[in-house]
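A short worksheet on the structure shown next.
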4 protein chains.
Amino acid sequence: MREIAQKKNSEKYEAILSAAVKVIGQAGYHNAPISKIAREAGVADGTVYLYFKNKEDILISILRETIGTIVDRIQEELPGVEDPVKALHLVVTVYFETLGKSTDLAMFTQVHLRQSNAEMRKQIGEIIRPYYSIIDDIIRMGVDSGEFRDHDLRIARRMIFGTMDETVTAWILTGAKYDLLSLIQPVRDIMIGGLSKK
Amino acid sequence: MREIAQKKNSEKYEAILSAAVKVIGQAGYHNAPISKIAREAGVADGTVYLYFKNKEDILISILRETIGTIVDRIQEELPGVEDPVKALHLVVTVYFETLGKSTDLAMFTQVHLRQSNAEMRKQIGEIIRPYYSIIDDIIRMGVDSGEFRDHDLRIARRMIFGTMDETVTAWILTGAKYDLLSLIQPVRDIMIGGLSKK
Amino acid sequence: MREIAQKKNSEKYEAILSAAVKVIGQAGYHNAPISKIAREAGVADGTVYLYFKNKEDILISILRETIGTIVDRIQEELPGVEDPVKALHLVVTVYFETLGKSTDLAMFTQVHLRQSNAEMRKQIGEIIRPYYSIIDDIIRMGVDSGEFRDHDLRIARRMIFGTMDETVTAWILTGAKYDLLSLIQPVRDIMIGGLSKK
Amino acid sequence: MREIAQKKNSEKYEAILSAAVKVIGQAGYHNAPISKIAREAGVADGTVYLYFKNKEDILISILRETIGTIVDRIQEELPGVEDPVKALHLVVTVYFETLGKSTDLAMFTQVHLRQSNAEMRKQIGEIIRPYYSIIDDIIRMGVDSGEFRDHDLRIARRMIFGTMDETVTAWILTGAKYDLLSLIQPVRDIMIGGLSKK
DNA sequence: GATGAATGAGCTTTCATTCAT
DNA sequence: CATGAATGAAAGCTCATTCAT
């Protein structure tokens with residue numbers, strides 16, 4: 001098996017990933033043949049396998065890049081934020097901004113990524129972990145500062161993540177007819193309500 | 001095409017449905033050939049098509065029965081409940097109880113049901129609608145009674161549904177190692193926090 | 001295997017045959033499931049097998065009855081005809097009248113009957129033989145009377161049959177928009193031309 | 001869907017087509033699984049779909065090539081022929097020579113091609129049209145030269161085509177035991193008789 | 001005689017992946 | 001590095017036929 005590592009900055013690697021987001025986002029994982037992705041990327045079918053181990057690897061890679069981008073942005077801006085409410089605002093903002101910019105990417109993340117088997121879900125879980133860690137840190141920050149009640153961390157995290165997730169899914173599945181960013185404030189508020197002391 | 005209607009109470013219909021929950025729940029929709037479901041149900045492949053129009057119809061039917069059961073139970077018990085907090089408690093309880101009883105069913109609902117195409121999602125949406133309606137009614141009840149803040153209905157609903165959904169998904173994907181029912185109280189509390197006035 | 005003989009006059013036997021002509025005539029042999037024929041005939045699927053050995057047997061039986069009717073009518077009227085031209089006129093007339101009356105039957109005979117395998121073709125050949133004999137007799141009659149040239153019998157027969165066949169096929173495949181009977185005269189004339197001495 | 005065009009000169013394209021003529025010619029369209037054709041052609045099942053859209057496309061393509069060859073040959077030689085009788089002779093000759101050379105091809109054309117549904121018959125009709133045109137032209141030529149009576153064009157064409165068709169069908173269905181070419185002369189003669197003035 | 005539920009063989013088509021060039 | 005022709009396994013679905021009732 002040829003080496004795939006460190007091709008990740010190649011032009012074709014990026015082209016294939018973009019093509020995959022578009023094709024899978026619009027047609028779904030099981031209606032997105034490699035040949036279609038390759039054509040969209042302007043490469044031959046076989047070339048895809050020079051950059052990705054297999055079709056699943058494409059799915060995973062997209063998620064890794066997407067979540068990577070989100071986590072990077074948050075970790076870059078978060079250090080300057082001391083207010084847990086503002087921190088949560090940042091998390092929601094980055095999430096909504098990233099997915100709100102591209103319906104293909106949103107469809108991919110919220111809908112088609114779900115078409116995965118057990119092994120892939122394990123990998124997905126690991127990729128998402130740093131994102132969860134950030135949320136956990138914010139909750140802890142709020143609890144320490146006395147602003148939040150002392151919730152079970154997992155429950156609080158799931159409320160935050162579940163609310164964001166459901167909001168974006170509903171947005172994309174109803175046709176992305178409004179600006180997702182307009183929901184940052186109310187979504188953050190209802191979360192804060194759930195977390196805060198009375 | 002032979003008539004499929006009103007075979008729904010037949011023994012074989014139930015057998016196929018149960019087999020499908022089990023096989024799809026464990027292997028996933030796209031790794032669950034009809035032949036596997038049929039074998040599990042103890043019938044011939046062709047028999048499946050005497051009871052279901054096609055493979056998608058099985059998926060939809062399972063959801064309809066599951067959500068149907070949940071909605072029925074809630075609508076049966078809800079009329080006697082006047083406190084919105086208790087009403088929400090009921091909703092969470094029925095949801096967690098139903099899915100907490102069968103990991104196959106939970107896997108099916110939380111994970112594999114997501115493996116659907118555009119057309120199926122439309123049907124799924126219609127089946128789930130009454131469930132959303134119940135949640136909306138409870139929110140309105142709370143707002144009217146002055147207990148809840150006057151949230152955007154959709155935001156509030158998504159927070160409630162997203163939180164429950166994420167909670168069950170996390171439970172099932174981490175191996176269903178604890179009793180889902182133990183989370184009813186804290187999940188309800190964090191939701192109420194998000195909805196309530198300070 | 002149960003006895004099928006002598007059921008041929010039964011009401012259900014006729015009902016199934018009629019239904020088969022209609023269903024096969026409209027949908028084609030391979031799009032005419034037994035279940036569809038049975039429903040059209042108002043009987044259960046299994047009942048068909050009390051009257052016919054299998055699906056092919058239905059096809060054969062229809063042809064036998066149709067050709068039988070045609071041959072019977074011709075043989076009934078032919079003895080009074082001494083002019084070979086008039087005899088040929090009779091043959092064409094009966095053929096066109098029989099098929100011109102029912103587009104389902106015409107589609108069946110001219111189009112869908114062709115969907116047969118080697119074994120069936122053998123049977124079809126035997127059923128059609130008496131029809132060929134009649135045509136042969138007429139040609140001989142004309143040759144004996146000095147009206148026709150002394151053609152190779154088979155060639156002449158094929159010209160006659162081929163011309164009729166092609167005429168009816170063209171009529172039915174172009175939508176049966178005109179009266180088939182209007183072609184009796186010109187078709188007969190061109191045949192006679194081919195057969196006659198200069 | 002990958003491009004199929006212009007693969008028509010490929011070696012495999014020809015191999016599949018030949019295999020299809022053989023397999024369908026011997027077993028019939030509905031008894032000729034793609035797998036059998038592929039094996040006969042020495043390719044994998046999937047390869048067939050690189051060269052043909054689907055199974056019907058194979059049928060149509062064979063006809064197109066066959067009729068194409070016949071029409072091409074006739075149109076090549078016809079311009080030099082001014083006698084309508086000789087022209088008709090040419091038409092019969094080319095038809096009989098082409099089909100007389102290969103019993104598989106004859107079986108295909110005369111028997112199994114009939115196993116088609118409505119949509120395919122439409123396409124078949126269009127492919128055959130130029131062949132009909134040639135016959136029509138010859139008839140007109142004969143009428144203009146005063147050699148033929150002024151027949152209804154369609155009747156005359158059907159007599160010609162029906163006679164040839166029936167002749168070849170009878171030849172192939174009786175086992176191709178004699179040389180089809182020996183029938184050119186008598187078949188032509190009986191046609192000419194039908195067309196000519198007394 | 002009649003029913004119709006049940007069977008299971010069989011077929012077309014798709015597509016991830018490989019590998020000779 | 002790149003190509004794209006070729007592969008062949010895999011799966012959903014239909015339907016002629018049987019047989020217990």
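The values are calculated or read from the model by the stated rules, or taken from the named source; none is laboratory data. Computed from a predicted structure; not experimentally measured. Note that we place each Cβ from the backbone using ideal geometry, even for glycine, and neighbour counts take in every protein chain shown.
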Condition (residue is surrounded by fewer than 18 Cβ atoms within 10 Å (Cβ to Cβ) and of a type in the set (A, V, I, L, M)) applied to segment D:60-77: is it met by at least one residue? no
Are any residues in segment B:167-176 of a type outside the set (S, T, Y) and facing another protein chain (nearest Cβ under 9 Å), and if so, which ones? B:A170, B:L173
Checking C:V92 against (1) out of contact with any Asp or Glu (no Cβ under 6 Å at 6 or more places or on another chain); (2) at pLDDT 95 or above; (3) within 16 Å of DNA strand F (Cβ to nearest atom); (4) of a type outside the set (S, T, Y), the condition it does not meet: (3)
With criteria (1) surrounded by fewer than 21 Cβ atoms within 10 Å (Cβ to Cβ); (2) farther than 30 Å from A:R129 by Cα, B:G142 comes up short on (1)
Assess whether C:E97 counts as being away from DNA strand E (no atom under 12 Å from the Cβ), outside the structural domain of C:D165 (by TED's automatic domain parsing) and either under 24 Å from D:S116 (Cα atoms) or at pLDDT 95 or above (or both). no
With respect to C:K86, determine if the residue is surrounded by fewer than 17 Cβ atoms within 10 Å (Cβ to Cβ) and without any contact (Cβ under 8 Å) to a residue 12 or more places away in the chain. yes
Scan segment D:78-129 residue by residue and report those that are over 14 Å from the mean Cα position of the chain (by Cα) and among the acidic types (D, E). D:E82, D:D83, D:E119
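Kindly evaluate D:L105 against the criterion of being in contact (Cβ under 8 Å) with a residue 40 or more places away in the chain and either surrounded by 15 or more Cβ atoms within 10 Å (Cβ to Cβ) or of a type in the set (A, V, I, L, M, F, W, C) (or both).
On the way: in contact (Cβ under 8 Å) with a residue 40 or more places away in the chain: yes; either surrounded by 15 or more Cβ atoms within 10 Å (Cβ to Cβ) or of a type in the set (A, V, I, L, M, F, W, C) (or both): yes.
So D:L105 passes the test.
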Scan segment D:43-54 residue by residue and report those that are free of Cβ contacts under 8 Å to residues at least 40 places away in the same chain and charged (D, E, K, R). D:D45
Any idea which residue in segment B:185-196 is farthest from the chain's Cα centre (by Cα), counting only those that are buried (at least 22 other Cβ atoms within 10 Å of the Cβ) and β-branched (V, I, T)? B:I190
Of all the residues that make up segment B:130-152, how many are under 14 Å from B:V91 (Cβ atoms), within 12 Å of another protein chain (Cβ to nearest Cβ) and out of contact with any strand residue (DSSP E or B) (no Cβ under 8 Å at 6 or more places or on another chain)? 2
Show the residue pairs meeting these rules: Cβ distance below 8 Å; 6+ apart or different chains; first residue within segment D:26-42 and within 14 Å of chain C (Cβ to nearest Cβ); second residue more than 10 Å from DNA strand F (Cβ to nearest atom) and not in a helix (DSSP H, G or I). D:G28/C:N117; D:G28/D:V111; D:G28/D:Q115; D:Y29/D:Q115; D:Y29/D:S116; D:H30/C:Q115; D:H30/D:Q115; D:N31/C:N117
Over segment C:37-59, the set of residues closer than 24 Å to C:K101 by Cα and surrounded by 19 or more Cβ atoms within 10 Å (Cβ to Cβ) is C:I37, C:A38, C:A41, C:I58, C:L59
Do we find that C:I58 is among the aliphatic types (A, V, I, L, M) and touching a Leu at 6+ places or on another chain (Cβ under 9 Å) in this structure? yes
Can you tell me which residue within segment D:177-198, out of those that are at pLDDT 95 or above and part of a loop (DSSP other than H, G, I, E, B), is nearest to the other protein chains (Cβ to nearest Cβ)? D:Y178
Are any of the residues in segment B:55-71 of a type in the set (G, A, S), within 16 Å of DNA strand F (Cβ to nearest atom) and either in contact (Cβ under 8 Å) with a residue 60 or more places away in the chain or not assigned by TED's automatic domain parsing to the domain that holds B:N9 (or both)? yes
Look through A:A87, A:A20 and report the one residue that is assigned by TED's automatic domain parsing to the domain that holds A:G146, in contact with an Asp or Glu (Cβ under 9 Å, 6 or more places away or on another chain) and among the hydrophobic types (A, V, I, L, M, F, W, C). A:A87
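With the structure loaded, tell me whether D:R39 is among the basic types (K, R), within 13 Å of DNA strand F (Cβ to nearest atom) and either touching a Leu at 6+ places or on another chain (Cβ under 8 Å) or part of a helix (DSSP H, G or I) (or both) or whether it fails that test. Give the steps one after another, and end with the answer.
On the way: among the basic types (K, R): yes; within 13 Å of DNA strand F (Cβ to nearest atom): yes; either touching a Leu at 6+ places or on another chain (Cβ under 8 Å) or part of a helix (DSSP H, G or I) (or both): yes.
It is true that D:R39 is among the basic types (K, R), within 13 Å of DNA strand F (Cβ to nearest atom) and either touching a Leu at 6+ places or on another chain (Cβ under 8 Å) or part of a helix (DSSP H, G or I) (or both).
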Working carefully through the options B:E97, B:E119, B:E82, find the one that is within 13 Å of another protein chain (Cβ to nearest Cβ) and acidic (D, E). B:E119
Restricting attention to segment B:34-47, report how many residues are within 8 Å of DNA strand E (Cβ to nearest atom) and out of contact with any Asp or Glu (no Cβ under 7 Å at 6 or more places or on another chain). 6
Could you please let me know if D:A156 is buried (at least 16 other Cβ atoms within 10 Å of the Cβ), free of Cβ contacts under 8 Å to residues at least 24 places away in the same chain and within 12 Å of chain C (Cβ to nearest Cβ)? no
Only residues in segment C:1-15 that are modelled with pLDDT under 70 and away from DNA strand F (no atom under 16 Å from the Cβ) count as the first member; pair them with residues that are small (G, A, S) and not in a helix (DSSP H, G or I), Cβ under 7 angstrom, at least 6 apart or cross-chain, and list the lot. none
How many residues are more than 9 Å from DNA strand E (Cβ to nearest atom) and within 14 Å of chain C (Cβ to nearest Cβ) if we restrict to segment D:48-63? 1
